[in-house]
Amino acid sequence: MNEFLNRLKELDVTGKDVVTLYNEISALAMEQAEKRIAPHAKRNAYYLSIEYLLGRAFFNNLMELGVLDEVSRILSEKGVDIRNFEEIEDAALGNGGLGRLAACFLDSAAALGLPLYGYGIRYKYGLFKQAFQDGRQTEMPDDWQKFGDPWSLRREGEKREIAFADYTVTAVPYDIPIIGERVNVLRLFQAEGSPQAEKISEYLYPADDTEEGKLLRLRQEYFFSAAAIGELTERYAKEHGKKFDDFGACNVIQLNDTHPVIAVAELIRVLTVQYKVSFDRAAAIAKATFNYTNHTVLPEALECWREELVRKILPDIADILVRLQRMQTKELKARGCSAKEIADMAIYRDGIFYMANLAVYMGTAVNGVAALHTEILKNTLFATAYRIFPEKFRNKTNGVTKRRWLMLANPELSGAIDGVIGTAWRDPREGFGALKEHIDALTDDFIAVKETKKRQLFDYIEQKEGVRIPDRFLVYAQVKRLHEYKRQLMTAFAVLELYHAIKDGALSDFHPSVFLFGAKSAPSYRRAKAIIKFINDISALVNNDPATKDVLRVVFVQNYNVSYAEKIVAGTDVSLQVSTAGLEASGTGNMKFMMNGAVTCGTMDGANIEIVEHAGKENNYIFGATVEEIDALKASGYDPNAVLAQNSAHNRAVSALIDGTFSDGGTGEYRELYDALTVGASWHAPDHYFILHDLSSYVHALVQINRDYGNRAMFARKQLQNVANSSFFSSDRTIAEYAADIWHI
Ligand code: 26V
């Protein structure tokens with residue numbers, strides 16, 4: 001690295017703008033990283049994912065190369081503030097937790113020295129950029145390459161052709177080094193060759209409400225899956241010959257959700273067509289190679305494809321899928337399964353291919369992403385498969401990389417931890433559980449750090465949103481994809497109730513607080529967009545009311561992304577994780593907040609359950625119905641209108657949707673939100689997500705937190721208990737488990 005630092009010292013910065021400097025310094029660092037890219041191991045693991053949400057590479061890579069502080073010092077001697085590079089925005093080639101998890105996993109594998117390679121798509125445009133106009137979400141294309149792309153290496157010599165029935169496209173690899181103890185590679189494929197080819201890697205999640213959109217989505221999934229399979233089989237044949245007996249011993253593939261599951265059929269196609277392996281052998285090889293992670297139980301998010309669609313562009317794949325169904329039926333019959341059981345597990349039924357069922361049947365291991373989620377997979381979504389193949393199922397509770405989410409996002413807290421337990425905890429194989437013995441010694445420092453991170457966050461928000469949050473406000477935050485099951489709408493009602501109570505003088509001792517929201521809504525998701533507008537309306541009301549503005553603020557930040565998240569998790573006191581029990585597979589934001597010393601105010605859902613197991617129920621705020629209670633409510637007939645009739649505070653808050661308090665500009669969106677709660681919508685029962693059921697315990701929890709915060713030292717100790725017990729939620733732990741139990745690398 002001395003070479004790099006020497007060249008940096010020689011770098012002439014005069015007259016160069018931030019983008020130029022960014023590219024020049026990144027290129028220098030990239031040379032070092034490239035030299036260190038590790039050769040493949042004997043056995044390697046591959047992660048196939050339609051999303052990677054990497055966040056900013058610059059600071060992270062300099063940190064991983066061990067030169068961040070030195071670079072910062074050298075630049076400042078030249079009169080350049082390293083923070084200027086924050087202007088360079090991050091590439092958002094993902095949408096939410098699924099993509100960010102993939103990025104954390106790659107980071108952890110590199111840190112642990114494990115050979116894990118990522119495969120995905122190099123989208124020209126990432127997730128849209130969001131801005132608000134009159135409180136509504138607007139979307140602009142995210143042209144992330146406009147600053148250049150110094151962290152990718154185009155591998156011209158390794159491109160390959162991907163054939164569809166109607167045309168062929170070229171998959172050109174771009175390698176992004178993932179730096180750690182070992183330097184691995186994330187390989188993203190760009191589609192080239194013709195304008196129609198280029199469409200395939202143009203957008204992340206193109207609208208799929210038309211036939212054409214669905215086809216494009218299928219092409220994307222096949223495109224990168226086939227490019228990956230093409231590489232792996234070609235490399236194997238070169239090194240081991242064409243019999244493929246040991247393919248599964250040399251390669252293990254992790255399917256990140258259902259999007260890349262088509263790779264299973266592609267491997268069989270390549271082996272049978274190109275290498276003349278028999279179908280049964282090829283299927284056996286595939287079974288030894290693939291594993292599947294499920295990330296959601298929402299039926300609308302489980303990939304299934306109409307046969308006619310697949311047949312139109314991938315006829316061989318359609319044939320293989322049908323054949324796999326036959327193979328499975330035969331096996332299940334031999335095992336004595338009933339017609340119902342066979343139908344439950346169908347890969348192909350009534351002209352539809354079910355990719356999750358394919359993944360479960362063909363995968364060696366099937367895992368959920370938190371303990372509760374895995375239980376739900378076993379007892380509900382994949383109950384039949386679990387009865388027949390119990391040995392496949394296992395849990396791998398998610399984690400987040402402490403390097404980005406603690407060391408980089410919060411150097412102040414990291415330094416305070418060093419001061420108490422030394423620096424060994426920074427090693428990927430170590431944790432910081434030793435902090436538990438030093439909570440009291442760290443309390444004052446922690447409070448000071450939190451104040452600092454809050455001020456930094458408020459400065460950033462002021463710069464981005466143009467609103468100043470007064471110092472010493474208690475910070476509650478809910479940042480995540482916008483979806484009804486995550487219940488941002490419930491938080492909106494709770495805030496309105498607090499507002500009403502403060503105005504009525506019923507909450508005179510309320511500690512001044514801000515509610516932060518950050519979320520993007522899918523462009524075509526009408527109700528989610530209405531929720532954004534509703535919260536922005538509440539924000540305008542509350543922030544401008546002289547009677548409340550000194551004690552309550554609401555800020556919905558625009559264009560929430562990884563870089564924003566790094567600031568928000570560090571500056572927050574209370575992490576809001578309030579999904580309907582049973583619906584949030586895990587959550588990973590909850591872990592980032594915990595690591596930075598926020599208490600969780602949440603439901604018994606996803607990884608929240610394990611968070612409170614580790615950090616103690618007494619140090620967190622759990623409310624609302626459990627999965628069992630939700631099931632019982634569904635069985636007994638839940639009536640949200642009865643809740644509204646009995647609770648005037650709830651009724652007042654919910655009525656704000658329709659009583660003229662706010663205007664939806666004549667679109668009828670607010671009426672639709674109201675009706676979804678009281679009458680039902682989209683074939684769902686009224687209040688499908690049990691917002692009104694949980695609202696009252698939610699408001700109580702928020703008020704309790706506010707009271708407890710009055711004793712700052714006591715509250716800080718709760719927060720520190722969360723930090724001290726968060727080592728389990730490091731993705732280093734998660735990846736070590738995948739490596740030991742599933743990948744055997
Ligand atoms: C996608 C869609 C698309 C269609 C509309 C409804 C819908 C709902 C959810 C999804 C996302 C599915 C996959 C996903 O992102 N799951 C998230 O994975 C995280 C990492 O395991 C986990 O922490 C989150 O709980 C889970 O929601």
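The values are calculated or read from the model by the stated rules, or taken from the named source; none is laboratory data. Keep in mind it's a predicted model, so treat the numbers as computed, not measured. Here the Cβ positions follow ideal geometry from the backbone for every residue, glycine too, while neighbour counts run over all protein chains shown. The accessibility values were calculated without ligands, DNA or RNA, using every heavy atom of the protein model including side chains. Shrake-Rupley method; radii C 1.70, N 1.55, O 1.52, S 1.80 Å.
Can you find, among Val185, Tyr236, Phe147, the residue sitting farthest towards the positive end of the charge dipole of segment 134-279, where Lys and Arg contribute +1 and Asp and Glu -1 at Cβ?
It is Tyr236, whose Cα lies furthest towards the positive end.
What is the Cα centroid distance between segment 718-743 and segment 87-164, reported in whole angstrom?
Their Cα centres are 25 Å away from one another.
Among 380-387, 141-148, how do they line up by average Cβ neighbours within 10 Å per residue, starting with the highest?
Details: 380-387: 18.0, 141-148: 15.4.
Most protected by this proxy first, the peptides run 380-387, 141-148.
Charges only on Cβ, +1 for Lys and Arg, -1 for Asp and Glu: so what's the dipole of segment 635-694 about the Cα centre, in debye to the nearest 20?
Values: 2 positive and 8 negative charges, 24 e Å.
So the magnitude is around 120 debye.
Of all beta bridges DSSP finds with both residues in the chain, what is the antiparallel percent, to the nearest 5? All intermediate terms of the calculation are to be shown ahead of the outcome.
Numbers: 27 of 72 bridges.
Among the beta bridges of the chain, antiparallel pairing accounts for roughly 40 percent.
Charges on Cβ only, +1 for Lys and Arg, -1 for Asp and Glu, centred on the Cα centroid of segment 625-689; of Leu677, His650, His688, which one is farthest towards the dipole's positive end?
His650
How many angstrom lie between the C-alpha centres of segment 408-466 and segment 555-620?
17 Å
Considering the options Ala288, Gln463, Tyr222, tell which one lies farthest towards the positive end of the dipole of the chain, charges being +1 on Lys and Arg and -1 on Asp and Glu at the Cβ, about the Cα centre.
Most positive-ward Cα: Ala288.
Over segment 152-260, with every protein chain in place, what whole percent of the accessible area is carbon and sulfur at 1.4 Å, could you tell me? It would help to have the intermediate numbers written out before the result.
Working: 1930 of 4180 Å².
Looking at segment 152-260 in its full context, I get 46 percent from C and S.
Could you name the aspartates and glutamates in cross-link range of Lys312, using Cα to Cα under 20 Å and dropping any fewer than eight places away on the same chain?
Result set, ordered by chain and number: Glu161, Asp166, Glu198, Asp208, Asp209, Glu211, Glu212, Glu221, Glu266, Glu303, Asp350.
A 23 angstrom limit on the alpha carbon distance is what I want to check against. Which of Lys396/Lys529; Lys214/Lys396; Lys486/Lys617 exceed it? Intermediate results must be reported in sequence, preceding the final value.
Details: Lys396/Lys529 33 Å; Lys214/Lys396 31 Å; Lys486/Lys617 21 Å.
With Cα atoms farther than 23 Å apart: Lys396/Lys529; Lys214/Lys396.
For segment 39-181, what is the relative contact order in percent, using Cα pairs closer than 8 Å and at least 6 residues apart in sequence? Please list the in-between numbers first.
Numbers: 198 pairs, mean separation 38.6, N = 143.
For segment 39-181, the relative contact order is 27 percent.
Under a point-charge model restricted to the Cβ atoms of Lys and Arg (+1) and Asp and Glu (-1), what is the dipole moment magnitude of the chain relative to its Cα centre, in debye to the nearest 20?
On the way: 86 positive and 99 negative charges, 289 e Å.
For the chain, the charge dipole is close to 1380 debye.
Magnitude of the Cβ-charge dipole of segment 479-520, K/R +1 and D/E -1, about the Cα centre, nearest 20 debye? Mind dumping the intermediate values first?
Values: 6 positive and 4 negative charges, 84 e Å.
Charge dipole of segment 479-520: 400 debye, to the nearest 20.
Any idea what the relative contact order of the chain is, in percent, if you count C-alpha pairs under 8 Å spaced at least 6 apart?
Numbers: 1318 pairs, mean separation 97.6, N = 745.
Once divided by the residue count of the chain, the mean separation gives 13 percent.
For the chain, what is the accessible area per residue in Å², given a 1.4 Å probe and the full set of protein chains?
Numbers: 27320 Å² over 745 residues.
Averaged over the residues of the chain, the accessible area is 37 Å².
Taking a ≥ b ≥ c as the square roots of the Cα gyration tensor eigenvalues, with a/c under 1.5 meaning rounded and otherwise prolate when a/b beats b/c, else oblate, which class fits segment 425-520? Let's see the in-between values first.
Details: a/c = 1.80, a/b = 1.53, b/c = 1.18.
Because a/c hits 1.5 or more and a/b exceeds b/c, segment 425-520 counts as prolate.
Can you grab the distance from the C-alpha centre of segment 354-402 to the C-alpha centre of segment 248-309, Å, no decimals?
Their Cα centres are 16 Å away from one another.
With 23 Å as the limit, write out which pairs from Lys42/Lys592; Lys146/Lys464; Lys450/Lys567; Lys480/Lys592 have Cα-Cα distances beyond it, or answer none. Let's see the in-between values first.
Working: Lys42/Lys592 34 Å; Lys146/Lys464 20 Å; Lys450/Lys567 12 Å; Lys480/Lys592 12 Å.
Beyond 23 Å: Lys42/Lys592.
Can you send over the carbon and sulfur percentage of the accessible area for segment 3-86, probe radius 1.4 Å, protein chains only? All intermediate terms of the calculation are to be shown ahead of the outcome.
Values: 1850 of 3750 Å².
Carbon and sulfur atoms account for 49 percent of the accessible area of segment 3-86.
Treating segment 112-170 as a set of equal point scatterers at the Cα positions, no solvent, please give the Debye-formula log₁₀ I(q)/I(0) at q = 0.16, 0.20, 0.24, 0.25 Å⁻¹.
-0.85, -1.01, -1.11, -1.13
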